[in-house]
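Participant: One structure, pasted below without further comment.
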Amino acid sequence: MLDIVNPMRVLSFDQSTLITGWAVFDDGEYVRHGMIDLHSQKDGSIRFTEMCFAIRDVITKYKPDQVVVEDVMYMKSAQALIVLARLQGVILGYCHIFQVPATIYLPTQWRKVLGFKQGRVTRENLKKQAIDLIRETYNLSVETDEADALCIALAHLKILEEQKNVQED
């Protein structure tokens, strides 16, 4: 449990156009997590639009005080990077419309905060570390996208806690 100064609902996303994981925390306490799974929609344009609306629905349902997302990184192709950047832009646009502050972390940033082994580690190993952390911390059985969303929120909450402790010193 984290000692959060002000009551706050954090909503985190591990966004993708195929499957987006999300997690909600109230005052540092786990509330709920889920996935928006659109991998069966083969038309990329339709899938993108449906993902945008589904993310909007999660934001409006949980009414967060802050949204946290994973930053985009070039991994497979320039086209994939462009689509992910557009999706991130949509999320940030919703945050602006709903007047919810948003924070963005590179995958390496949030993994470092949580003490993940990085460097010469496979993507599969990074995903396993996230799943294992969530299973050990919350006794939850999760898919990789949900685990990453939960870990992104945990890292953000840990950073907030560290900032609070520095301010108190």
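The values are calculated or read from the model by the stated rules, or taken from the named source; none is laboratory data. Keep in mind the model is a prediction, meaning the values are calculated, not measured. Glycine also receives a Cβ, built like all others from the backbone with ideal geometry; neighbour counts cover every protein chain displayed. Note: areas computed on protein heavy atoms with side chains; ligands, DNA, RNA excluded. Shrake-Rupley method; radii C 1.70, N 1.55, O 1.52, S 1.80 Å.
Participant: Name the residue farthest towards the positive end of the dipole of the chain from the options Tyr105, Leu11, Val67, assuming +1 on Cβ of Lys and Arg, -1 on Cβ of Asp and Glu, about the Cα centre.
Facilitator: About the Cα centre, the residue reaching furthest to the positive side is Tyr105.
Participant: Would you please report the Å³ per residue occupied by the convex hull of the alpha carbon atoms in the stretch 86-158?
Facilitator: Taking the convex hull of the Cα positions in the stretch 86-158, it is 108 Å³ per residue.
Participant: Please list Asp148, Asp132 in order of solvent-accessible area, largest first, computed with a 1.4 Å probe with all protein chains present.
Facilitator: So, going from the largest accessible area down, we get Asp132, Asp148.
Participant: Length gain on complete extension for the stretch Glu162 to Asp71, per 0.36 nm per residue less the alpha carbon to alpha carbon distance?
Facilitator: This chain segment gains 30.6 nm when fully extended.
Participant: Applying the Karplus parametrisation 6.51 cos²θ - 1.76 cosθ + 1.60 with θ = phi - 60° to the phi angles of the stretch 56-69, what ³J(HN,Hα) value in whole Hz is obtained for each residue in order, glycine and proline being reported as x?
Facilitator: Coupling constants for the stretch 56-69: 4, 5, 5, 4, 5, 5, 9, 6, x, 8, 7, 10, 10, 10 Hz.
Participant: Once phi is turned into ³J(HN,Hα) by the Karplus curve 6.51 cos²θ - 1.76 cosθ + 1.60 with θ = phi - 60°, what whole-Hz value does each residue of the stretch 93-103 show in order, with x for glycine and proline?
Facilitator: x, 4, 4, 5, 4, 8, 6, 10, x, 10, 10
Participant: Next up: How big is D for the chain, in µm² s⁻¹ as a whole number, if Stokes-Einstein is applied with the Kirkwood radius of its Cα pairs at 10 °C and 1.306 mPa s?
Facilitator: In µm²/s, the coefficient rounds to 97.
Participant: Taking amide H atoms as placed 1.01 Å from N in the peptide plane, list the residues 5 or more away in sequence, or in a different chain, whose amide H sits under 5 Å from that of Gln66.
Facilitator: Arg9, Leu11
Participant: Keeping the other protein chains in place, figure out the carbon and sulfur percent of the accessible area of the stretch 106-153, with a 1.4 Å probe.
Facilitator: 46
Participant: Karplus couplings for the stretch 30-47 from phi (6.51 cos²θ - 1.76 cosθ + 1.60, θ = phi - 60°), rounded to Hz, Gly and Pro as x?
Facilitator: Taking θ as phi minus 60°, the curve returns 4, 10, 6, 9, x, 9, 9, 10, 10, 4, 7, 7, 7, 7, x, 5, 5, 4 Hz for the stretch 30-47.
Participant: Moving on to the next point. Per-residue counts of other Cβ atoms within 10 Å, averaged by peptide: what ranking do you get for 156-163, 71-78, highest first?
Facilitator: So the peptides 156-163, 71-78, ranked by packing, come out 156-163, 71-78.
Participant: Return one whole number: the accessible area per residue of the stretch 1-157 in Å², for a 1.4 Å probe.
Facilitator: Accessible area per residue: 54 Å².
Participant: Something else now. Hey, got the dipole for the stretch 32-169? About the Cα centre, +1 on K and R Cβ, -1 on D and E Cβ, debye to the nearest 20?
Facilitator: The calculated dipole for the stretch 32-169 is roughly 360 debye.
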